[in-house]
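Below is one structure, written out as structure tokens; comments come after it.
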Amino acid sequence: MFKYYLLQITTFVTFLGLAVVLQRVYSIQSKHKEEVVILTKDISKMKAEIHNAHNHEIKLNNNFSVWRELHDSHVYGGSEEVGIESLFSELCHKHRISMEEVSVSESVDVSAQYEKQYIKVEKSRVRMKFSALTDKHAVLFIQAVRYDVPGFVALKHLKIVKKREVTQEVIEANSSGSILPTVSCHVEFELYKISGCHV
């Protein structure tokens, strides 16, 4: 009888020990699962932050050339007021251009696109139709517009059509100070102006 009770007690103690071990294993597994869940959330959060940073970098890269040229141009600060049509007239005379039509749209505030707190960016659309002595003169005029007009010029459309050959008549007219165009051009570009703003 004593042996029977001893066996029962031994069996009970063994099962109790196994129960304690299983409880510890379960606790460890539960804690491990919780840590895995937390780690997974941290990884997801980190991925989201990396994704947002990557998108922000792409946006900055897309706008970098605009900001660089805006920063380097003399329009930064916005204190210089130059009549754009008057400037076009000067460039036309210099590059043997006959301006037929020019229009400048109202400026639109696009500062929100660049997320700059103390910077104001305005955009306007400029359309020009003109004739030039040669295609070379037309290209030089467009280059001058890009670099001489205050602001950043983003060319959107350019069409050059040849009207006639460079004949002796054209050469003689040019020598006498007249312009006998050989090409016609249609140009459209966006003009960005930048200035400081108070918030």
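Here, each number is a calculation from the coordinates, and none is a lab measurement. Just so we're clear, the structure is a prediction, and the values are computed from it rather than from any experiment.
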Of the cross-linked pairs Lys136/Lys163; Lys129/Lys163; Lys136/Lys162; Lys129/Lys193; Lys120/Lys193, which ones have a Cα-Cα span greater than 18 Å in the structure shown?
Lys129/Lys193
Show the residues, 5+ positions off or on another chain, whose built amide H is closer than 5 Å to the amide H of Val110.
Val121, Glu122, Lys123
Length gain on complete extension for the stretch Val110 to Gln23, per 0.36 nm per residue less the alpha carbon to alpha carbon distance?
24.9 nm
Want the number for Thr40 to Glu101: 0.36 nm per residue separation, take away the alpha-carbon distance, what's left?
15.7 nm
